[in-house]
1. For S59, are the conditions met, namely being surrounded by 12 or more Cβ atoms within 10 Å (Cβ to Cβ), farther than 18 Å from M1 by Cα and modelled with pLDDT of 85 or more?
2. Give the residues of the range 8-47 that are among the hydroxyl-bearing types (S, T, Y) and at pLDDT 90 or above, sorted by residue number.
Amino acid sequence: MLPSRSNYLLKNSRVPASLLEMKSLAPSASTVATTGTENNFCAVDIEIAAGTIAQIIPSGTEHLFPITDIPTVDLCNRLILPCFNER
């Protein structure tokens, strides 16, 4: 279950490598280049701030900005995929 706060960290997730190359995934998010892992998925941690993606970094690396006192959800290598938005 996701935390009720608007800022939290999704740790140990996997995303398709091709999605990390899309600038439209999160225009305001800072991303770090990663290389595809097994089946072309990348292991990443995703920081959510104010309901949007703030940063995407390879799992197990230091964050670009210090993260203190933030709820963490361990996704245990589950996949994260984009959803369809109704506009």
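1. Values: surrounded by 12 or more Cβ atoms within 10 Å (Cβ to Cβ): yes; farther than 18 Å from M1 by Cα: yes; modelled with pLDDT of 85 or more: yes.
When the stated conditions are applied, S59 passes them.
2. Of all residues in the range 8-47, those among the hydroxyl-bearing types (S, T, Y) come to 8, 13, 18, 24, 28, 30-31, 34-35, 37.
Of everything in the range 8-47, those that are among the hydroxyl-bearing types (S, T, Y) and at pLDDT 90 or above turn out to be Y8, S13.
The values are calculated or read from the model by the stated rules, or taken from the named source; none is laboratory data. No experiment lies behind these values; they were computed from the predicted model shown. Here the Cβ is made from the backbone with ideal geometry for all residues, glycine too, and neighbour counts use every protein chain on show.
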